[in-house]
Amino acid sequence: MATPHVAGVVSLLVGLFPDESPEWLVNRVLSTAKSLPDLAGKTSTGGMVDAFLAVNTPNAAGPRIIAASPTGDVETPADRVVLNFDRQIEANTFTADDVSIAGPAGPIIPAGVNRLTDFVFEVLFPLQTTLGAYSLNVGPEIEDSLGRLMDQDRDGITGESLDDRFNVVFRLVPPPEITTIDDGDS
């Protein structure tokens, strides 16, 4: 059922922007999808088509990260963070040089960045087992498929060194203790 809805939104865009390329039209539909947590990992955008946003969003906005995993408390060692962008990213503009990581023992050198889809990337780093807080900063020199730099703060000014960086924090915590109950049958 999604196909006719998406085709309808593309038709609206063609009528409003007849000189834009097919790539621009597709990116516009994908980048204005409404993010829905229940669709994360189930669709390429983690959301559903939004005709209003596709038609009414200004063209100048750059890409931004809309979700990261892990976040919060994590009970297992970590060696990656998965990032979801709101639109298609030029993979060659997102490298380990765009990432800084700090952990409880100090800086961590990223091992690499893998493209999982045009919207989803994973940042790899050595396996971390030390309990404590980890902070990962990404950007802002990452470009979407139209060559626009990140605009994480959505102010229309792309590539700002501080304001357009994305930050995620997660904490490695000990797993909960398992207690056994003696029922007296032993």
_So in the range 1-33, with the set limited to residues that are open to solvent by 60 Å² or more (accessible area, probe 1.4 Å) and among the β-branched types (Val, Ile, Thr), which one is modelled with the lowest pLDDT?_
3
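Pick from the range 60-73 the residues that are assigned to a strand (DSSP E or B) and surrounded by 16 or more Cβ atoms within 10 Å (Cβ to Cβ): which of them is modelled with the lowest pLDDT? I'd like the intermediate steps shown before the answer.
Keep residues of the range 60-73 that are assigned to a strand (DSSP E or B), which gives 65-69, 72-73.
Within this subset, residues satisfying the condition of being surrounded by 16 or more Cβ atoms within 10 Å (Cβ to Cβ) are 65-69.
On the way: 65: 95, 66: 89, 67: 92, 68: 96, 69: 96.
In this case the residue turns out to be 66.
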*asked:* Restricting to the range 108-121, and then to whatever is of a type in the set (A, V, I, L, M) and not in a strand (DSSP E or B), can you tell me which residue is farthest from residue 26 (Cα to Cα)?
replied: 109
*Restricting attention to the range 122-163, report how many residues are within 17 Å of the chain's Cα centre (by Cα), of a type in the set (Gly, Ala, Ser) and outside any strand (DSSP E or B).*
3
_Criterion first (modelled with pLDDT under 85 and loosely packed, with under 15 Cβ neighbours inside 10 Å) does residue 36 satisfy it?_
yes
*Of the residues that make up the range 129-143, is at least one in contact (Cβ under 8 Å) with a residue 60 or more places away in the chain, under 20 Å from residue 82 (Cβ atoms), in contact with a strand residue (DSSP E or B) (Cβ under 7 Å, 6 or more places away or on another chain) and of a type in the set (Gly, Ala, Ser)?*
yes
*Find all pairs meeting these conditions: Cβ atoms under 9 angstrom apart; at least six residues apart or on different chains; first residue within the range 168-181 and assigned to a strand (DSSP E or B); second residue of a type in the set (Ser, Thr, Tyr) and open to solvent by 80 Å² or more (accessible area, probe 1.4 Å).*
172/76; 172/129
*Looking at (1) touching a Lys or Arg at 6+ places or on another chain (Cβ under 9 Å); (2) outside any loop (DSSP other than H, G, I, E, B), find the lone condition where residue 97 falls short.*
(1)
*residue 86 passes all but one of (1) in contact with a Gly (Cβ under 7 Å, 6 or more places away or on another chain); (2) within 30 Å of residue 5 (Cβ to Cβ); which number fails?*
(1)
*So which residues in the range 100-128 are of a type in the set (Asp, Glu) and out of contact with any strand residue (DSSP E or B) (no Cβ under 6 Å at 6 or more places or on another chain), if there are any at all?*
118
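Select from the range 86-99 the residues that are touching a strand residue (DSSP E or B) at 6+ places or on another chain (Cβ under 7 Å) and open to solvent by 50 Å² or more (accessible area, probe 1.4 Å) and list them in ascending order. Step through it out loud before you land on a result.
The first filter runs over the range 86-99 and keeps only residues touching a strand residue (DSSP E or B) at 6+ places or on another chain (Cβ under 7 Å), leaving 86-91, 93-96, 98-99.
Listed by number, the residues that qualify are 90, 95.
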*Among the residues of the range 1-36, write down those that are over 16 Å from residue 88 (Cα atoms) and either acidic (Asp, Glu) or touching a strand residue (DSSP E or B) at 6+ places or on another chain (Cβ under 8 Å) (or both).*
2, 19, 20, 36
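The values are calculated or read from the model by the stated rules, or taken from the named source; none is laboratory data. Being a predicted model, the structure only gives us computed values, none of them experimental. Methodologically, a virtual Cβ is constructed for each residue, glycine included, from the backbone with ideal geometry; neighbour enumeration extends over all protein chains shown. With ligands, DNA and RNA removed, areas are computed over all heavy atoms of the protein, side chains included. Shrake-Rupley method; radii C 1.70, N 1.55, O 1.52, S 1.80 Å.
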